[in-house]
Amino acid sequence: MKKLNRKRTVYASLYRIPAEDKLIANMIFIVGSNGKLEDYFPGPFTIGEYFGSRLRAQEATAVVCSYLKDIHPRMKVKPEDVKLYPYGKADGLLFRLKHR
């Protein structure tokens, strides 16, 4: 199978539950190079486990990439394509993308 090489930007809103060592996503959505919404994952849902005292952006983007590679194996997503936003800002951006 051929990989999809189009440029995409992934927006994610995440938080961590310290007592359970889980990384939870409020929402994840993928925007194509043309600025249109390609896929949307409403949350909250668990995207992986996280063991550590503090959640760093670089580690969080790697977990999001790993999750998306499981869902869309043909899609090329790099950690630098993932943008982490607070829930309110991500929700506002998603609303603007849906209602263009």
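Among the residues that make up segment 67-89, is at least one of them more than 13 Å from the chain's Cα centre (by Cα) and part of a helix (DSSP H, G or I)?
Yes, because at least one residue in segment 67-89 is more than 13 Å from the chain's Cα centre (by Cα) and part of a helix (DSSP H, G or I).
Look through segment 53-66, keep the residues that are without any contact (Cβ under 8 Å) to a residue 12 or more places away in the chain and outside any helix (DSSP H, G or I), and return whichever of them is farthest from Pro86 (Cα to Cα). Steps first, answer last, please.
Going through segment 53-66, the residues without any contact (Cβ under 8 Å) to a residue 12 or more places away in the chain turn out to be 53-54, 56, 59.
Retained after the next criterion (residues that are outside any helix (DSSP H, G or I)): 53-54, 56.
Working: Ser53: 20, Arg54: 17, Arg56: 14 Å.
Per the criteria, the residue is Ser53.
From Glu59, Glu49, Glu38, which residue is of a type outside the set (Ser, Thr, Tyr), on the phi < 0 side of the Ramachandran plot and loosely packed, with under 12 Cβ neighbours inside 10 Å?
Only one candidate qualifies: Glu49.
I'd like to check something: does segment 41-52 contain any residue that is small (Gly, Ala, Ser), more than 12 Å from the chain's Cα centre (by Cα) and part of a helix (DSSP H, G or I)?
no
Within 22 Å of Ser33 (Cβ to Cβ) and among the small types (Gly, Ala, Ser): does that describe Gly48?
no
For every residue, the table says whether it meets (1) out of contact with any Asp or Glu (no Cβ under 8 Å at 6 or more places or on another chain); (2) modelled with pLDDT of 90 or more; (3) not β-branched (Val, Ile, Thr).
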site: Thr9; (1), (2), (3): no, yes, no
site: Arg16; (1), (2), (3): yes, no, yes
site: Asn34; (1), (2), (3): yes, no, yes
site: Tyr50; (1), (2), (3): no, no, yes
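The values are calculated or read from the model by the stated rules, or taken from the named source; none is laboratory data. A quick note: this is a predicted structure, and the numbers were derived from the prediction, not measured. Don't worry about glycine lacking a Cβ; one is built from the backbone with ideal geometry, like all the others, and counts go over all protein chains shown.
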